[in-house]
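**Q** Pasting a structure below so you can have a look.
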Amino acid sequence: MNFLCPFHLDKNSSFSIKKNTYYCYGCNLKGKIIFENIKMNKFEFYFNKEILLKAKIYLIKKKNFWLNYLSIRNIDFKTLFHYNLGCIDINFKTKNNVYFVKNKLIFPIIDEFGLLCGIGLKTNNLKSKYVNIYKKNYNNKNVIYGINESINRYYTIIVEGYFDLLTLYKNNIYNATSVLGCNVNYKKIIKLLLKYKSIYFCFDGDLAGYLSVVKINKIKNKYKIKNLNCINLPFGYDPDNYINKYGIENFFKFMNI
């Protein structure tokens with residue numbers, strides 16, 4: 001996947017992501033990445049309330065690719081408004097020159113204190129993965145998307161992706177969060193247990209999801225954590241497509257909640 005480099009003024013989509021590495025053909029910056037997570041200098045300069053508000057307004061009020069895409073994915077206005085989704089078209093002008101976010105769906109990532117710590121980007125190449133960009137000094141290993149919105153302290157459902165969480169919210173399930181991938185560690189589990197009495201992990205029905213369940217069950221047994229539950233959906237399913245096909249009630253039955 002190629003897009004405009006976030007580390008220099010780039011007009012030629014010089015920034016390339018392949019497998020677990022990134023490389024810019026313009027400024028020659030390179031490195032390894034995990035789940036396409038990138039840390040960025042001057043994050044606050046590029047991403048401020050003004051830019052994100054304009055992106056949110058543009059998504060809602062203008063006819064654009066992403067509004068149509070969200071409609072196809074069964075995401076309603078209530079949900080996209082609640083999570084402050086946005087997009088910026090190619091003609092958007094800003095003194096900060098945020099070229100590399102143009103024509104991408106933007107997911108602001110808010111921490112448990114209500115502070116912006118990163119953004120998720122999705123290109124209109126629908127087969128591409130997401131790119132998450134964080135503040136330079138932020139420990140993204142412990143990021144939990146939606147933790148600031150989940151208000152039910154009794155339990156939370158934890159999913160892998162952005163759209164898994166959006167689909168749950170759209171179906172009036174407000175006690176859900178996302179770990180944005182399968183990389184769950186002991187610290188992240190403890191962080192969740194400090195806020196919720198019980199936690200329910202729901203991973204996709206694929207190899208990465210199966211391996212995550214094995215890893216979490218090992219942590220559960222090692223530290224004797226009783227209020228931790230972890231399952232995989234059937235092969236080929238994630239919470240988003242499972243709920244859209246079978247409904248929220250059947251999802252809860254499968255989760256045994």
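**Q** Would you be able to say whether some residue in segment 83-100 is in a helix (DSSP H, G or I), at pLDDT below 95 and closer than 17 Å to residue 162 by Cβ?
**A** No, segment 83-100 contains no residue that is in a helix (DSSP H, G or I), at pLDDT below 95 and closer than 17 Å to residue 162 by Cβ.
**Q** State which residue is nearest to residue 242 (Cα to Cα) when the search covers only segment 113-148 and only residues that are surrounded by fewer than 17 Cβ atoms within 10 Å (Cβ to Cβ) and at pLDDT 85 or above.
**A** That would be 148.
**Q** Another question, if that's okay. For residues that are farther than 14 Å from residue 87 by Cα and hydrophobic (A, V, I, L, M, F, W, C), scanning just segment 28-56, find the one that is modelled with the lowest pLDDT.
**A** 34
**Q** Scan segment 46-83 residue by residue and report those that are under 20 Å from residue 118 (Cβ atoms) and loosely packed, with under 12 Cβ neighbours inside 10 Å.
**A** Answer for segment 46-83, where residues must be under 20 Å from residue 118 (Cβ atoms) and loosely packed, with under 12 Cβ neighbours inside 10 Å: 49, 50.
**Q** To continue, here is another question. Select from segment 151-190 the residues that are more than 16 Å from residue 212 (Cα to Cα) and of a type in the set (Phe, Trp, Tyr) and write down the one among them that is nearest to the chain's Cα centre (by Cα).
**A** Out of the qualifying residues, it is 162.
**Q** Criterion first (part of a loop (DSSP other than H, G, I, E, B) and within 16 Å of residue 156 (Cβ to Cβ)) does residue 190 satisfy it?
**A** no
**Q** In addition: Checking the condition assigned to a loop (DSSP other than H, G, I, E, B) and either of a type in the set (D, E, K, R) or touching a residue at least 12 places away in the same chain (Cβ under 8 Å) (or both), which residue from 184, 213 passes?
**A** Going through 184, 213 in turn, just one is assigned to a loop (DSSP other than H, G, I, E, B) and either of a type in the set (D, E, K, R) or touching a residue at least 12 places away in the same chain (Cβ under 8 Å) (or both): 184.
**Q** Hey, among 169, 138, 134, which residue is outside any helix (DSSP H, G or I) and in contact with an Asp or Glu (Cβ under 9 Å, 6 or more places away or on another chain)?
**A** None of the other options fit; the residue is 138.
**Q** Now a separate question. Is it the case, given these coordinates, that residue 177 is in contact with a Ser or Thr (Cβ under 6 Å, 6 or more places away or on another chain) and either under 29 Å from residue 248 (Cβ atoms) or among the charged types (D, E, K, R) (or both)?
**A** yes
**Q** Further question on the same structure: Please list, ordered by first then second residue, the pairs with beta carbon atoms under 9 Å, 6 or more apart or interchain, first in segment 238-257 and under 19 Å from residue 199 (Cβ atoms), second at pLDDT below 95 and assigned to a helix (DSSP H, G or I).
**A** So the pair list comes out as 238/209.
**Q** If you check 75, 151, which single one turns out to be among the β-branched types (Val, Ile, Thr), out of contact with any strand residue (DSSP E or B) (no Cβ under 8 Å at 6 or more places or on another chain) and at pLDDT below 85?
**A** Exactly one residue qualifies, and that residue is 151.
**Q** Can I ask one more? Looking at the structure I just gave you, is residue 59 modelled with pLDDT of 70 or more, within 25 Å of residue 110 (Cβ to Cβ) and not acidic (Asp, Glu)?
**A** yes
The values are calculated or read from the model by the stated rules, or taken from the named source; none is laboratory data. Nothing here was measured: the structure is a model prediction, and the numbers come from that model. Neighbour counts run over all protein chains shown; Cβ positions are idealised from the backbone, glycine included.
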